[in-house]
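Reading through the structure tokens given below for one structure.
The values are calculated or read from the model by the stated rules, or taken from the named source; none is laboratory data. Keep in mind it's a predicted model, so treat the numbers as computed, not measured. Cβ placement follows ideal geometry from the backbone for every residue including glycine, while neighbour counts extend to all protein chains displayed.
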């Protein structure tokens, strides 16, 4: 009887430990990032909505000559554009590097992107994610636009 009582009392603790398994969290985050690319390619706004918080923001940075150009928008803006964009966007990660601590994580993702089958650029996506009651969610995305950096980004 003591063993049964011990087992029953231990189950909540084991469940809590399972929820904070860094290796499992990294796999979930990698899957989420890959789903992000699938949502872009398929123009799947429902999938995109499931991956990001509605108020998540998106930042871009690009160098043009000697100027640094930054822009921002919301994921909600992106979803509206995604649903009506006639262009086929194919973004592919070179790799996904995840760093996390408990309930906060970043995914550093060098990528290449083509539009309608034609190379557009390479760059770095930086996803900031938080653990929410429903799982990991994107709360911010920043990315660079670097047409001449593919070889460098692919090799790192």
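Within the group 7, 40, 32, which residue is in contact with a helix residue (DSSP H, G or I) (Cβ under 8 Å, 6 or more places away or on another chain), surrounded by 10 or more Cβ atoms within 10 Å (Cβ to Cβ), assigned to a helix (DSSP H, G or I) and at pLDDT below 95? Step through it out loud before you land on a result.
Details: 7 fails: in contact with a helix residue (DSSP H, G or I) (Cβ under 8 Å, 6 or more places away or on another chain); 32 fails: at pLDDT below 95.
Exactly one residue qualifies, and that residue is 40.
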**Request:** May I ask you to say which residue of 13, 46, 24, 18 is exposed (fewer than 13 other Cβ atoms within 10 Å of the Cβ), assigned to a helix (DSSP H, G or I) and modelled with pLDDT of 95 or more?
**Result:** 24
**Prompt:** What about residue 117, is it touching a residue at least 60 places away in the same chain (Cβ under 8 Å) and at positive phi?
**Reply:** no
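Among the residues of the range 124-136, how many are in a strand (DSSP E or B) and surrounded by fewer than 18 Cβ atoms within 10 Å (Cβ to Cβ)? Steps first, please.
First, pick out the residues of the range 124-136 that are in a strand (DSSP E or B): 124-132, 135-136.
Cutting the leftovers down to surrounded by fewer than 18 Cβ atoms within 10 Å (Cβ to Cβ) gives us 126, 128, 130, 132, 135.
Counting residues in the range 124-136 that are in a strand (DSSP E or B) and surrounded by fewer than 18 Cβ atoms within 10 Å (Cβ to Cβ) gives 5.
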**Asked** Only one of these conditions is not met by residue 89: (1) closer than 20 Å to residue 47 by Cα; (2) under 15 Å from the mean Cα position of the chain (by Cα); (3) surrounded by 16 or more Cβ atoms within 10 Å (Cβ to Cβ). Which number is it?
**Response** (2)
**Item:** residue 54 assigned to a strand (DSSP E or B), modelled with pLDDT under 95, on the phi < 0 side of the Ramachandran plot and more than 13 Å from the chain's Cα centre (by Cα)
**Value:** yes
**Asked** Of all the residues that make up the range 92-114, how many are without any contact (Cβ under 8 Å) to a residue 24 or more places away in the chain and more than 14 Å from the chain's Cα centre (by Cα)?
**Response** 1
**Message:** For the structure I just gave you, tell me whether residue 76 is over 12 Å from the mean Cα position of the chain (by Cα) and either closer than 17 Å to residue 36 by Cα or touching a residue at least 40 places away in the same chain (Cβ under 8 Å) (or both).
**Reply:** yes
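Take the range 95-123 and flag every residue that is outside any strand (DSSP E or B) and buried (at least 17 other Cβ atoms within 10 Å of the Cβ).
If we filter the range 95-123 for residues that are outside any strand (DSSP E or B), which is where we start, we get 95-96, 102-103, 116-117.
Residue satisfying the conditions is 96 alone.
Could you go through the range 74-89 and let me know if any residue there is part of a strand (DSSP E or B) and farther than 18 Å from residue 123 by Cα. Quick ask: steps written out before the conclusion?
Initial filter on the range 74-89 (part of a strand (DSSP E or B)): 74, 89.
Subsequent filtering for residues that are farther than 18 Å from residue 123 by Cα retains 74.
Yes: one or more hits.
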